[in-house]
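Below is one structure; the comments refer to it alone.
The values are calculated or read from the model by the stated rules, or taken from the named source; none is laboratory data. This one's a predicted model, so the numbers in the text were calculated from it and none came from an experiment. When we count neighbours, we look across all protein chains shown, and the Cβ atoms used for this are built from the backbone with ideal geometry, even at glycine. Accessible surface areas use protein heavy atoms only, side chains included; no ligands, DNA or RNA. Shrake-Rupley method; radii C 1.70, N 1.55, O 1.52, S 1.80 Å.
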Amino acid sequence: MSIRVAILGYGNLGRGMECAVKQNDDMELVAVFTRRDPATVKTLTDVKVYNVDQLLSMQDQIDVLVLCGGSATDLPKQTAEYAKYFNVVDSFDTHAKIPEHFAQVDTAAKEGGKVAMISVGWDPGMFSLNRLYANAILRDGSDYTFWGKGVSQGHSDAIRRIPGVKDAKQYTIPVEAALEAVRNCENPVLTTRQKHTRECFVVAEEGADKAQIEEQIKTMPNYFADYDTTVHFITEEELQRDHAGIPHGGFVLRTGKTGLNGEHDHVIEYSLKLDSNPEFTSCVLTAYARAAYRMNQEGQNGCKTVFDVAPAYLSTLTPEEMRSTLL
Ligand SMILES: NC(=O)C1=CN([C@@H]2O[C@H](COP(=O)(O)OP(=O)(O)OC[C@H]3O[C@@H](n4cnc5c(N)ncnc54)[C@H](OP(=O)(O)O)[C@@H]3O)[C@@H](O)[C@H]2O)C=CC1
Ligand SMILES: N[C@@H](C[C@H]1CC(C(=O)O)=NO1)C(=O)O
């Protein structure tokens, strides 16, 4: 029997989920839910679209609800709200607020006897896993994470939530000299500001106060305050013409030493090069949706992160197939 998946929130990630579920023949997409008028939401497939006020009435038709809202303002409310009723997966990526989000979602999921997986994606998500593996293995070392150059969906979403902003895209740009020093095993000590810069392209509403929008972006805690940030105001046409894609990627690196006197240097590197940040992130969400369903079927409940999920839960392979093909 297929795992019945539903989506709440139809934006870049929602469209990515629509594609990702189609690539998994043990799953079916049963519905898309939106806070808007369903008639205004045009999907890629013939999946039915409902307003979110229909969601609870369809509880018995859904095995896993994937929350595709924004981390800045949607997921802090929605994940805990629906974890009481559904197995849920979200991509919450406001790193500084993950402990608080975990606590709220854990209470809700335990109350409902459901599994809730938070902060699933690539960072947080796959990059988190690789930071943990590298740190556990190379005990004497230094960790580094670099993103881009590419479009951060979380940062773009955060800008779009500012009053007076009609649309926006944010590029994260690694400081090449910092990346080179890390790859040369120089083990540099780098501040947040020394690793990345951020460049924003913003379409302002007619008559909006651009100086105030720029100030709100540059001082935004957890997103921009600790970075050197540039803001460009452009037209909707220019945004569509010059910034239509959502590519991204990055590296997790750990450089470390072994030997009784640190005789030998080692570099662990995990990298991603993504044509579509939302479509890749949705593929990660889909694998963890499978895991959430299976873990709940075993009687597990409460909030989980990628650290709590044994890899076998993610795969469609049988244990024998895994042992014969992946070991
Ligand atoms: N952990 C990770 O590695 C990653 C995490 N993310 C997270 O995913 C989040 C979502 O990103 P993304 O999908 O790009 O955000 P979007 O802005 O595209 O969508 C967010 C929500 O906004 C609403 N929305 C979308 N389009 C419109 C529209 N035209 N008019 C009105 N409302 C609209 C939708 O809700 P509704 O349908 O209810 O209106 C949607 O769920 C990011 O904030 C980020 O935090 C993203 C990438 C990687
Ligand atoms: N969560 C990020 C995924 C990566 C990208 C990123 C950044 O560019 O700052 N941080 O983490 C996203 O929303 O795209």
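Per residue, how much accessible surface does the range 132-274 expose to a 1.4 Å probe? Answer in Å², no decimals.
Here the per-residue accessible area is 53 Å².
Which GluC sites (Glu not before Pro) in the range 109-200 sit in a loop by DSSP (not H, G, I, E or B) and have at most 12 other Cβ atoms within 10 Å of their own Cβ?
Numbers: sites: Glu111, Glu176, Glu180, Glu186, Glu199; in loops: Glu186.
Here the GluC sites (Glu not before Pro) that fit, given the DSSP loop and packing criteria, are Glu186.
If you restrict to DSSP beta bridges whose two residues both lie in the chain, what percentage is antiparallel, to the nearest 5? Walk me through the intermediate numbers first.
Details: 30 of 58 bridges.
Rounded to the nearest five, the antiparallel share is 50 percent.
Mean 1/r over all different Cα pairs, inverted: what Kirkwood radius does the chain give, in Å?
21.0
Taking θ as phi - 60°, what are the ³J(HN,Hα) couplings along the range 99-106 by the Karplus curve (6.51, -1.76, 1.60), each to the nearest whole Hz, with x for Gly and Pro?
3J(HN,Hα) across the range 99-106, in whole Hz: x, 5, 5, 4, 4, 5, 5, 4.
Give the residue from Met220, Ala83, Ser276 lying farthest towards the positive end of the charge dipole for the chain; charges sit on Cβ (+1 for Lys and Arg, -1 for Asp and Glu) and the dipole is referred to the Cα centre.
Ala83
Filter the trypsin sites (Lys or Arg not before Pro) in the range 106-146 down to the DSSP loop ones having no more than 15 other Cβ atoms within 10 Å, then list what survives.
Details: sites: Lys110, Lys114, Arg131, Arg139; in loops: Lys114, Arg139.
Here the trypsin sites (Lys or Arg not before Pro) that fit, given the DSSP loop and packing criteria, are Arg139.
How large is ³J(HN,Hα), in whole Hz, for each residue of the range 78-95 in order, when computed from phi with the Karplus curve 6.51 cos²θ - 1.76 cosθ + 1.60 and θ = phi - 60°, using x for Gly and Pro?
Running phi through 6.51 cos²θ - 1.76 cosθ + 1.60 with θ = phi - 60° gives 5, 4, 5, 4, 9, 5, 6, 10, 9, 5, 10, 9, 10, 10, 3, 10, 7, 3 Hz.
Name the most mobile residue of Ser142, Ser119, Ser57, meaning the one with the largest mean-square fluctuation, in a Gaussian network model of the chain with Cα contacts below 10 Å.
Ser57
Once you've got the GNM for the chain with C-alpha springs shorter than 10 Å, pick whichever of Leu13, Leu75, Leu239 has the biggest mean-square fluctuation.
Result: Leu239 has the largest fluctuation of those listed.
Sum -39500 (n - 2.57) across every DSSP H segment of at least 4 residues in the chain, then divide by the residue count to get the 222 nm mean residue ellipticity, nearest 500. Don't skip to the answer; put the middle values down first.
Details: 11 runs with 110 residues, N = 327.
After summing the helix terms and dividing by the residues of the chain, the value is -10000 deg cm²/dmol.
Only bridges with both residues in the range 3-128 count here: give the DSSP antiparallel percent, nearest 5. Write out the running numbers ahead of the final one.
Working: 1 of 19 bridges.
Rounded to the nearest five, the antiparallel share is 5 percent.
For the chain, set up a Gaussian network in which alpha carbons nearer than 10 Å are linked by springs, and say which option among Met220, Met126, Met117 fluctuates the most.
Checking each option, the largest mean-square fluctuation is seen for Met220.
Once you have the alpha carbon radius of gyration of the range 144-188, what is it after dividing by 2.2 N^0.38 Å, with N set to its residue count?
Values: Rg = 14.6 Å, N = 45, 2.2 N^0.38 = 9.3 Å.
It is 1.57.
At 0.36 nm per residue, and after removing the present C-alpha to C-alpha distance, how many nm does the segment from Lys210 to Ala136 gain when stretched out fully? Could you put the intermediate results ahead of the total?
On the way: separation 74, 0.36 × 74 = 26.64 nm, distance 4.67 nm.
In short, 22.0 nm is gained.
Share of antiparallel DSSP beta bridges in the range 190-327, in percent to the nearest 5? Provide the component values of the computation, followed by the final result.
Values: 11 of 18 bridges.
Antiparallel bridges make up about 60 percent of those DSSP assigns within the range 190-327.
Hey, got a sec? Which trypsin sites (Lys or Arg not before Pro) in the range 1-105 land in a DSSP loop and have at most 15 other Cβ atoms within 10 Å?
Arg35, Arg36, Lys42, Lys48
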